[in-house]
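Following: one structure in structure tokens, then a few remarks.
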Amino acid sequence: MNVKVTTIRTAAEAALIERFPALKAGLPGPAAPREQAFATFMASGLPNRRVEAWKYTDLRAAMREAAPLAPKPDAAQTTVALKGNSPLAGQGAVTLSFVNGYHVGTEGTVPSGVTIVPLAEALGSGHPLLARMGTLALAQGDTALALNTAFMTDGAVIHVAAGAEVDGPIALTFVTAGPSAIATAARVLMVVEAGAKVLLVESHEGQGKLAHQTNTAVEIIAGDGADVQHVRLGLNSEGAVALSTLTADLGAATSLTSVNVALTGAMVRHQVYARFSGGDARAQINGATLLQGQQHADSTLVVEHAAEPGGESRELFRTIIDDEASGVFQGKIIVQPHAQKTDGRMASNAVLLSQGAAMYNKPELEIFADDVACAHGATCGALDDELLFYLMSRGISKAEAEALMIESFVGAAIDDIAHEAIRDVLHGLVQEWLKVRAARINAGAGV
Amino acid sequence: MSRWRSLPEPTWARVSYPQIDFQDIYYYAAPKMNGAPKSLDEVDPAILDAYKKLGIPLREQEILAGVEPQNRVAVDAVFDSVSVVTTFRAELAKAGVIFCSISDALQEHPELVRKYIGSVVPVTDNYYATLNSAVFTDGSFVYIPKGVRCPMELSTYFRINEKNTGQFERTLIIAEEGSYVSYLEGCTAPQRDENQLHAAVVELVTMDDAEIKYSTVQNWYPGDANGRGGIYNFVTKRGDCRGKNSKISWTQVETGSAITWKYPSVILRGEGSRGEFYSIAVSNGMQQVDSGTKMIHLGKNTTSRIISKGISAGRSQNTYRGLVSAHRKATNARNFTNCDSLLIGNQCGAHTVPYIESKTSTATFEHEATTSKISEDQLFYCMQRGLTAEESTALIVNGFVKDVLQQLPMEFAVEAQKLISISLEGSVG
């Protein structure tokens, strides 16, 4: 088929192109990196099904119109937005709050060894750490990240000093609120120096049903021997198109644990780019996703082992899909020629709870070294009838039995979080989701 | 001979598609395809050449398959895209089985060919299938009537002799209700400096309770150690389980070709139908293999099983690329996929790209893939018992691929085992 390459832009693309020149003048920091990132977007346009990495998630179709970039909220808007209680409130030793992508306040005390500068301020003053922003080659060319770079309004630059064992989590709460759909672009850069230990928690919340378009990116650069834990919670507004990217550049003998829990949003996509730049690092990357209605969630992951010894990576993604929702898992482990002794294991398991649900799995291995042990597994199916029968024969109702099984299934991905209180909050959210589901089923059965 | 020559090219093409426009479109889409017209020009002299050479290649065929003709394997030999000889036709005809070259089939059974050709692999399917549909010159045709269990193994032997040619053959196998056939396919090509193109299309159709077992041993010339020469093997193979409880099983041993691009697929349309895919892909030197399968579950209670073993050595790249999908109506579909890769040497690559799409909650799909190298322990154990490093590797590799070898008809299995050892020569030590 001869398809002529045309430069026809969709309404959303045209709107972004039209707005960018005016916006960039008002956004903080130098314009050059934004222009460069925007050129990346211009070259590819909004990704669609023809783009391999977005095969199952058609962003062009989901983003018919580009929502306007949110202006900085005033005090009244901020108060309203922060009224809703975040499930992770009070968990952070220090909590930075963001409304519509702008820093609005900091609570608690910054632990010793840690410096936090709001991104807008850092961009304005030319913070030296910004030189390390966007340096992970693996993620370059990614359209979602490029759009974030072009439009980033605010966020945080976090520095953890060498050897610092940070007490208590650093928490970031991002709230999107407004009378109409808006677009946000927040960015976080965290540089963890050698031997330091830290836990970063991000929570993304949106209220109502509006189709906000959020695009967040977190970059983690871990020095040799650092121990970084990362938890992300996605509680977007019901109609939200939410894109998020995590990039991690791991030095020698570092340890990274990252857990993403996604619950709401019409179309959410979480991308992870992790590179083992130093030898003998370890990463555990998990995802727990619960979907219902017409939701669509995509977990895309690229792990590159680029140093010898290649280290150990473990990926565990658990997805529950109800109603007519659809889930996507795309995972790729790349082992470069010299990254011998790599041990990579990736698993994606999905449970489809209804006849209309769909799951798309694409676990890939790309291996150029011979002394490696890599494996991936992908399964999808319904809940095990025999297990259900076992539980029900012991007097547990069907809904309860299903809930028990789902909870333990999804819980496996959450259990890698070392921080007990945060782990409990996330388990609680899963239980809440199951309760709502059970209520819905019971209401349906009563009719 | 004269009949072949008398058939003008457009006639062939028209059988498979009435909309002639496609040809123009596709040729326009990819101008790099300059091999095609060249091969067509060469078809006529090639027939004579092949005819002269007939004696020699047939003997080779015997060696390749490891059987004497008395072993009752019916053979259809195809040289440079033209079928030159088909054996045992009369005996097969007694059983009602039609086994002939597709050019004869067009003459003798046009109604059957017209009904089925292009119905599994449509003309517009993909670039090389379209090219094949436009220019295919010959191939094999098999028709097994209702309730017949084909009395012997059928076999096709493909060979590219001419320099700089493309081979475009087309195979069509139809198994009517309750029938069974086992079909073998062997491919070889002599050493040449230039790259040759092989773009075949294979279509299988099974009706209710019918079964087709299709085995391939492919040993096209893989090019020399620096990647010069060799066959480009771009093949479209697809089976359509149309009837209830029908079964299609693909078994392949891929050792040759500079570049292989091949995804034998099964469309599981009939209720309770079953698709199987067993593959061994060995790559050495500068070979590139990108192979896998597609299992498309459309009917209820359909099952499929995929076992793929990839072995890469030297500086080769070996990729498994597969799709398993279940349509919304494919309730209780079941798939099990296992793809293992073995790496020999530190300059090769092994990749896995599976796509698993499930649109029904009652489908159960499992996929597992591993990549590893031959363990030092195993090698040490074998060598301690007096085997050389090369022998030990061959032994371990044969153990690795055993699951798949067991699926091959016996003569082929022995041959395949030897082929694997030969193609891995020089990869160790």
| request: Would you give the gap between the C-alpha center of segment A:369-447 and the C-alpha center of segment B:374-419, rounded to a whole Å? | output: 44 Å
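Inside 10 Å of the C-beta atoms of B:339-349, what's the mean count of C-beta atoms belonging to other chains?
Values: counts 2, 1, 3, 1, 7, 1, 1, 7, 4, 5, 8.
So the per-residue partner count for this stretch is 4.
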| For segment A:11-278, the Rg and Dmax computed from alpha carbons only, in angstrom | 17.4, 50
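What is the fewest-to-most order of A:Ser348, B:Ser372, A:Ser180 by other Cβ atoms lying within 10 Å of their Cβ?
Fewest-to-most Cβ neighbours within 10 Å comes out as A:Ser180, B:Ser372, A:Ser348.
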| request: Mind checking the full-extension length gain between A:Gln355 and A:Glu324? Use 0.36 nm per residue of separation minus the Cα-Cα distance, one decimal, nm. | output: 10.4 nm
| Inter-chain Cβ neighbour average for residues B:331-337, partner chain, 10 Å | 1
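Explain nothing, just the number: dipole magnitude of segment A:150-302 about its Cα centre with +1 on each Lys and Arg Cβ and -1 on each Asp and Glu Cβ, in debye rounded to the nearest 20. Display every interim value, and only then the final one.
Numbers: 7 positive and 13 negative charges, 84 e Å.
Dipole of segment A:150-302, to the nearest 20 debye: 400 debye.
What is the order of A:Leu147, B:Leu204, fewest Cβ neighbours within 10 Å to most?
On the way: A:Leu147 25, B:Leu204 30.
Ranked by crowding around the Cβ, least crowded first: A:Leu147, B:Leu204.
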| query | Is chain A rounded, prolate or oblate when judged by the Cα gyration tensor, a ≥ b ≥ c being the square roots of its eigenvalues, rounded requiring a/c under 1.5 and prolate requiring a/b larger than b/c? | reply | rounded
| Amide H within-cut-off set for B:Gly223, under 5 Å, with H built and near neighbours excluded | B:Gly230, B:Ile231
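When the helix-only estimate is applied to chain A (DSSP H runs of n ≥ 4, each -39,500 (n - 2.57), divided by the residue count), what is the mean residue ellipticity at 222 nm, nearest 500 deg cm²/dmol?
Counting only the DSSP helices, I get -7500 deg cm²/dmol.
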| query | Assuming R0 = 35 Å, what is the FRET efficiency of B:Arg305 and B:Ala95, from their Cβ-Cβ distance, to the nearest 0.05? | reply | 0.70
| For A:Leu316, distant residues with modelled amide H under 5 Å away | A:Ile285, A:Asn286, A:Gly287, A:Ala347
| Can you give the average number of partner chain beta-carbon atoms within 10 Å of each beta-carbon in peptide A:350-358, as a whole number? | 4
| In order through segment B:103-117: 3J(HN,Hα) via Karplus (6.51 cos²θ - 1.76 cosθ + 1.60), integer Hz, x for Gly, Pro | 5, 5, 4, 5, 6, 8, 10, x, 5, 5, 4, 5, 5, 9, 5
| task | Label segment A:367-440 by shape, choosing from rounded, prolate and oblate, from the square roots a ≥ b ≥ c of the eigenvalues of the Cα gyration tensor; if a/c is under 1.5 it is rounded, and otherwise prolate applies when a/b is larger than b/c, oblate when it is not. | result | oblate
| note | Expressed in angstrom and rounded, the centroid-to-centroid distance over alpha carbons for segment B:307-342 and segment B:210-285 is 12 Å
| message | List residues of segment A:154-169, by number, whose backbone nitrogen lies under 15 Å from a label position 7 Å along Cα→C-beta of A:Ser112. | response | A:161-168
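Would segment A:128-220 count as rounded, prolate or oblate if I go by the C-alpha gyration tensor, calling it rounded below 1.5 in a/c and otherwise prolate when a/b exceeds b/c, oblate otherwise?
Numbers: a/c = 2.93, a/b = 1.49, b/c = 1.96.
Taking the square roots of the gyration eigenvalues as a ≥ b ≥ c, segment A:128-220 is oblate.
Please order A:Lys341, A:Lys83, A:Lys398 by the number of other Cβ within 10 Å, starting at the fewest. Intermediate results must be reported in sequence, preceding the final value.
Details: A:Lys341 17, A:Lys83 10, A:Lys398 14.
Ordered from fewest to most neighbouring Cβ atoms within 10 Å, A:Lys341, A:Lys83, A:Lys398 come out as A:Lys83, A:Lys398, A:Lys341.
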| note | Among A:Tyr390, A:Tyr56, A:Tyr273, the residue with the largest mean-square fluctuation in a Gaussian network model of chain A built from Cα contacts under 10 Å is A:Tyr390
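Please give me, ordered by residue number, the trypsin sites (Lys or Arg not before Pro) of segment A:26-80 that lie in loop per DSSP and have at most 12 other Cβ atoms within 10 Å.
Working: sites: A:Arg34, A:Arg49, A:Arg50, A:Lys55, A:Arg60, A:Arg64; in loops: A:Arg49, A:Arg50, A:Lys55, A:Arg64.
Answer by residue number: A:Arg50, A:Arg64.
All of the numbers you see were taken from the coordinates with simple rules; none came from a lab. Model, not experiment: these values are computed from the prediction. Don't worry about glycine lacking a Cβ; one is built from the backbone with ideal geometry, like all the others, and counts go over all protein chains shown.
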